[in-house]
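The values are calculated or read from the model by the stated rules, or taken from the named source; none is laboratory data. For clarity, every value in this text was computed on a predicted model and none was experimentally measured. Every residue, glycine among them, receives a Cβ derived from its backbone with ideal geometry; neighbour counts consider all protein chains shown. With ligands, DNA and RNA removed, areas are computed over all heavy atoms of the protein, side chains included. Shrake-Rupley method; radii C 1.70, N 1.55, O 1.52, S 1.80 Å.
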Amino acid sequence: MQLMEGKNGVIMGIANDRSIAWGIAKSLAQEGAKMIFSYQSEAFLKRIKPLADSIGVVDLIECDASSDESIRSLFTKTNAKLGKIDFVVHAIAYSAKEELTGPYLNTSRANFLNTMDISCYSFTAMCKFSADYLSDNASLLTLTYIGAERVMPHYNVMGIAKAALDASIKYLAVDFGKRNIRVNGLSAGPVKTIASSGIDDFRYILKWNQYNAPLKRNTTLDDIGGCALFLLSDLSSGVTGEIVHVDSGYHVVGMKATDAPDISVV
Ligand code: NAD
């Protein structure tokens, strides 16, 4: 018996084969999950269609995370195709690249609100509009980052949005708990993706992690996929309101200022 056999779900946030959501989808497919992928806009469809076909995804549905109507329609259509929904993965974030550099102090009101909307509120909206269609032991998962808990160079407003997202996980876990539905966050170590490439000096963060993390390497999509499989399957039946770190650099303190002259190697 495969871990996800008989389970139906939605994966939100695949942009290409480097996306964290793609790593998760592959792990779930290997264990027999039936899935629908949502994509942000027509421009993404060409790249994710071959990925979806390679693992037998049931359908691809456009969904703009900044629109309640679009999120509502995603779950109505998913329910019509798959019936009850057993899991949803939210791997969506956005902030203007120009504000993912330099001091947080320079954040504009407009980008603060937009970052919060897409990177934080959309998870709450996803929970709200999927609620009627969720099965009674469903598992909901979002992606977060250590920059919510500690200051990371240039992460800026995204760190504030992730901190609010981390708090939402706990409130949503309580709201859904009486239905035995679980809500968790996976805090991934740095991975080179389209989203992370927008963060200034991201290569430094990757390098720092590689040299200083206990495992002396960076987090892979397979590492994240395996942990997501645990959180979305019945193996984690008693785990909710948690943020699980798949970040081998998490326990090491001492990120240098980004203008430091060299990389410290321990
Ligand atoms: P990615 O660029 O592959 O994925 C980001 C996704 O967000 C894309 O698919 C994009 O289409 C989607 N998106 C943005 N705005 C949207 C909108 N308005 N409507 C619908 N979709 C929208 O990058 P990723 O690194 O795989 O990011 C996935 C998640 O993982 C994000 O929440 C990110 O913050 C988180 N995360 C990433 C890292 C990392 O180092 N890459 C580490 C920890 C957490």
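Each peptide in 34-46, 4-16 was scored by the mean count of other Cβ atoms within 10 Å over its residues; highest first, the order is 4-16, 34-46. Normalised radius of gyration (Cα atoms, divided by 2.2 N^0.38 Å) for the chain: 0.97.
In this structure, D53 and A163 have a Cβ-Cβ separation that, at R0 = 41 Å, corresponds to a calculated FRET efficiency of about 0.65. Overall size of segment 1-54 from C-alpha positions, given as principal axis extents largest first: 37, 17, 17 Å.
For segment 96-223, carbon and sulfur atoms together expose 58% of the accessible surface, with a 1.4 angstrom probe and every protein chain in place. The sum of -39500 (n - 2.57) across all DSSP H runs of n ≥ 4, divided by the residue count of the chain, sets its helix-only mean residue ellipticity at 222 nm to -12000 deg cm²/dmol. Compactness of segment 19-118 is given as radius of gyration and Dmax, 16.0, 47 Å, from Cα positions. Its relative contact order, with pairs defined as Cα atoms under 8 Å and 6+ residues apart, puts segment 107-171 at 42 percent. A crude spin-label estimate for the pair Y211 and K84, with each label 7 Å from Cα along the Cβ direction, gives 5.2 nm. Consider a paramagnetic label point 7 Å from the Cα of Y250 along Cα→Cβ; state which residues of segment 180-210 have an amide N under 14 Å from it. Counting backbone N atoms under 14 Å from the label point, the list is 184-190.
On the basis of the beta-carbon distance and an R0 of 25 Å, A43 and T76 show a calculated FRET efficiency of 0.60. Rolling a 1.4 Å probe across all protein chains gives K207 an accessible area of roughly 90 Å². Computing FRET efficiency as 1/(1 + (r/R0)^6) for T101 and Q2, where r is the C-beta to C-beta distance and R0 is 45 Å, gives about 0.55.
A 1.4 Å probe run over the chain, with the rest of the protein chains in place, finds 46 Å² accessible per residue.
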